[in-house]
Structure formats: structure tokens, C-alpha cells
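The values are calculated or read from the model by the stated rules, or taken from the named source; none is laboratory data. What you are looking at is a predicted structure, and each value in this text was computed from that prediction instead of being measured. Quick reminder, even Gly has a Cβ in these numbers, built from the backbone with ideal geometry, and neighbours come from all protein chains shown.
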Amino acid sequence: MMRPKDLRQGSGTKTFLDAMHGGKVHLARFILDALDGRIINSKTENSRTPLMYAVCLQDPGTRAKFTRLLLEKGADVNCQDEDGRTALSHACEMGHLDVVKLLVQFNADPDISDTWGNSSLMYAAFSGHSQVLEFLVRAFKRLGLRDRNT
């Protein structure tokens, strides 16, 4: 599981991420509101944002709640970490279809490639997550991919 190492934005970000990893949605919402959302796109040592950590949470209910909270509060859905990875690429690699759908609703760009040239679609394929792969192909026909059934 991805855990923050060193936080650049200070104790507000650390407290928020601790609340998120503890599944404390009300506390996390309070922290965001108290700080006027200033930490929404803050980055850790490796340039990962709270949204990137949220999509990797193991519990599906907690993952969906925190992902939605961050997106509704204005998190940059296409922000990239130091390796060029986005929240969508992390969610695709982990096979978290629930948040992949949510990220797509908030205009996640599947064409963003990381430092190695891999897109979110490639992470879904490499990791063997066929449901995520099928969803992305259907959601983004502009990728030039065709569904055999259409």
C-alpha cells in the first residue's frame, strides 16, 4: 500500500492523510474545510497527491468516499507524480474499477503517459485487470481501440 514518506506541505497534509488511512471521512472533511482546501493538491516527497493515495486504499467503501470527497473539493484529477503517474494510472494498476469510473466522470485523461511512456490503459492491461480495460476502451473510443462486440 502506498504511504506518504515526507510531506512537503506540513502538518495539515499529514493529518489529512492520517485521517484518510484511518478511514475517518468526517475528520478528513473537517481538515479540508478548516484549511480552505489548501492541501487538496499538496504533494509528498515523491510528488504524490492525496487523490493518488485515496485511489489506492484497500477498503472499497473508504476508497470511494475519499476519492469522491477529494474530487468534489477540487482535486486535480490529472496531476502527475515525479514518475508522471496519475491517480487514474494507479487505480488502473490496482484494478480499482469503482474509482476508475469516478475519475473518468471527473474528466481524467487516459492519454497521459508516465516517464516510461505507459498510459493508464497499459497499466490495466499489464496488471491483468480486464474489467478496467474494457471500461476504459468503452469510455474512451477516441483511443482508437475497438470493442469486438460493437
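Quick one: is VAL100 within 25 Å of GLN131 (Cα to Cα) and buried (at least 20 other Cβ atoms within 10 Å of the Cβ)?
On the way: within 25 Å of GLN131 (Cα to Cα): yes; buried (at least 20 other Cβ atoms within 10 Å of the Cβ): yes.
Considered against the rule, which asks whether it is within 25 Å of GLN131 (Cα to Cα) and buried (at least 20 other Cβ atoms within 10 Å of the Cβ), VAL100 comes out as yes.
Looking at ARG48, is it part of a loop (DSSP other than H, G, I, E, B), crowded, with 21+ Cβ neighbours inside 10 Å and either touching a His at 6+ places or on another chain (Cβ under 9 Å) or in contact (Cβ under 8 Å) with a residue 60 or more places away in the chain (or both)? Let's see the steps before the verdict.
Details: part of a loop (DSSP other than H, G, I, E, B): yes; crowded, with 21+ Cβ neighbours inside 10 Å: yes; either touching a His at 6+ places or on another chain (Cβ under 9 Å) or in contact (Cβ under 8 Å) with a residue 60 or more places away in the chain (or both): yes.
So ARG48 passes the test.
Which residues, taken from segment 36-83, are in contact with a Gly (Cβ under 9 Å, 6 or more places away or on another chain) and closer than 25 Å to GLN131 by Cα?
If the condition is that a residue be in contact with a Gly (Cβ under 9 Å, 6 or more places away or on another chain) and closer than 25 Å to GLN131 by Cα, then LEU57, ASP59, GLY61, THR62, LYS65, PHE66 are the ones that fit.
Do you know which of the residues in segment 121-150 that are within 16 Å of LEU88 (Cα to Cα), assigned to a loop (DSSP other than H, G, I, E, B) and not hydroxyl-bearing (Ser, Thr, Tyr) is modelled with the lowest pLDDT?
Among them, the one singled out is PHE140.
I'm told LEU17 meets every condition in (1) in contact with a strand residue (DSSP E or B) (Cβ under 8 Å, 6 or more places away or on another chain); (2) under 27 Å from ARG138 (Cβ atoms); (3) among the aliphatic types (A, V, I, L, M) except one. Can you identify the failing condition by its number?
It is condition (2) that LEU17 fails.
Kindly establish whether THR62 is buried (at least 21 other Cβ atoms within 10 Å of the Cβ) and among the polar types (S, T, N, Q). Full working, then the answer.
Numbers: buried (at least 21 other Cβ atoms within 10 Å of the Cβ): no; among the polar types (S, T, N, Q): yes.
Criteria not met by THR62.
Out of all the residues in segment 68-78, is one or more part of a helix (DSSP H, G or I), without any contact (Cβ under 8 Å) to a residue 24 or more places away in the chain, charged (D, E, K, R) and surrounded by fewer than 21 Cβ atoms within 10 Å (Cβ to Cβ)? Full working, then the answer.
Going residue by residue through segment 68-78, those that are part of a helix (DSSP H, G or I) are 68-72.
Those left that are additionally without any contact (Cβ under 8 Å) to a residue 24 or more places away in the chain: 72.
From the residues that got through so far, the ones that are charged (D, E, K, R) too are 72.
Now narrow it down to the ones that are surrounded by fewer than 21 Cβ atoms within 10 Å (Cβ to Cβ): 72.
Yes, some residue in segment 68-78 is part of a helix (DSSP H, G or I), without any contact (Cβ under 8 Å) to a residue 24 or more places away in the chain, charged (D, E, K, R) and surrounded by fewer than 21 Cβ atoms within 10 Å (Cβ to Cβ).
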